[in-house]
Amino acid sequence: MTFRSLVLVHGSGSGPWVFDGWQESFPKLTVTAVDLQAGLDVAHATLRDYAVSIVRAVTAADRRVAVCAWSLGGLAAMLAAGEARPDALILLEPSPPLEVQGLRDVVPRPGTFDPLAAGAPFPAGMAARPESSLATGERERGVSVPSIPPGTRTLVVAGDAYRDERGPRFAERYGGVFLDAGTAEHWDLVRDPSIRARIAAWLDGL
């Protein structure tokens with residue numbers, strides 16, 4: 001399976017810039033980093049709105065196309081997969097769907113919040129921006145993703161900190177392969193070139 005495109009999806013409170021350097025790790029592919037918030041009223045943005053942005057990017061990409069999505073973006077990419085139909089889906093410690101985490105007593109409400117003020121552990125020098133309280137509230141409550149479309153090759157990447165909820169059992173639930181990131185932390189999955197090299201090797205092997 002020869003890939004031509006890689007679509008990257010950022011997480012909560014961040015943006016396409018978290019994938020700086022990824023093009024160098026995938027020199028044979030056209031790499032596009034989606035901005036989930038582009039054109040949206042962020043205070044009223046939902047996870048479905050984010051999924052639409054991913055569908056749009058995948059539709060515009062040359063086939064065969066892989067989607068690599070991190071954290072909250074991973075959940076949005078799972079929501080988008082049924083319509084976008086990527087040839088491969090790479091989930092970097094994705095926020096778990098309802099089928100994994102269960103339904104929680106949370107009422108999503110419009111608004112925004114500052115991830116830094118909320119205590120999110122952004123690395124020094126990494127830009128942050130306001131995030132949708134509505135989208136993150138939906139995530140906390142639980143968003144249903146019953147399955148990944150048949151034929152979508154799926155890789156789930158997780159380190160020790162998120163292994164239980166976002167690791168091997170998650171991969172098994174959605175028919176994917178698990179890549180063990182060991183002691184790598186959440187931000188390492190988008191910043192560490194060695195993780196990118198392992199993802200590239202998996203894609204090359206398909």
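Summary table below
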quantity	calculated
Cα gyration tensor category, rounded, prolate or oblate, for region 147-206 with a/c compared to 1.5	oblate
Spin-label pair Glu172/Arg63, simplified geometry with 7 Å Cα→Cβ offset, distance in nm	3.3
Cα centroid separation - region 21-43 against region 103-174, whole Å	18
Ranked packing of 171-182, 133-144, 69-80, 4-15, most packed first, by mean Cβ within 10 Å	69-80, 4-15, 133-144, 171-182
Region 73-139 - Rg (one decimal) and Dmax (whole number), Cα, Å	14.1, 38
Rounded to whole Hz, the Karplus (6.51, -1.76, 1.60) HN-Hα couplings of region 125-136, x for glycine and proline	x, 8, 5, 10, 8, x, 10, 6, 5, 5, 5, 6
Tensor-based shape of the chain (alpha-carbon gyration tensor, a/c under 1.5 rounded, otherwise prolate or oblate)	rounded
For the chain, calculated [θ]222 nm from helices alone, where every DSSP H run of n ≥ 4 adds -39500 (n - 2.57)	-9000 deg cm²/dmol
Gain on full stretching of the segment that runs from Arg104 to Glu140 - 0.36 nm per residue minus C-alpha separation	12.3 nm
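Where a number appears in this text, it was derived from the coordinates with a stated rule and is not lab data. As the structure is a prediction and not an experimental result, all values here were calculated from the model. Cβ: placed from backbone, ideal geometry, glycine included. Neighbour counts: every protein chain shown.
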